[in-house]
Amino acid sequence: MLSQNLGVPLAPSATLFWTSLDIVQEVESLQKWLVSSDVKVEAGIVAEISGPVIEDVVKSLRKIFIPHKIINDKVVLSGENAAAFRFHSWLWDSPTQ
């Protein structure tokens, strides 16, 4: 919506391929993973997301082409990748969060 409202394209690094997910359960597993993950914020911007290694989540992250690493039994998204993933996931947030 931001891109449409301002009439500018999104940067390729901020464009995730959500349509690559085949079933609703893949989105739901990413949502559950994000809720259970540690999110580090620096200067009001998400700097890192780290959560447990769950095979279905890793497969879904690969499908949407979000760069991530597995470090010490944690899936880690960092920098712009973490910010882009969290930004896109605002759609999942319930009004009470």
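Values in this text are rule-based calculations from the coordinates and carry no lab data. Just so you know, these numbers come straight off a predicted model, no measurement behind them. Because the Cβ atoms are built from the backbone with ideal geometry, glycine has one as well, and the counts that use them run over all protein chains shown.
Scanning segment 53-85 for residues that are without any contact (Cβ under 8 Å) to a residue 40 or more places away in the chain, surrounded by fewer than 18 Cβ atoms within 10 Å (Cβ to Cβ) and touching a helix residue (DSSP H, G or I) at 6+ places or on another chain (Cβ under 7 Å) turns up I54, D56, P67. When segment 41-52 is filtered for residues that are loosely packed, with under 15 Cβ neighbours inside 10 Å and in contact (Cβ under 8 Å) with a residue 12 or more places away in the chain, the ones remaining, listed by number, are I45, P52.
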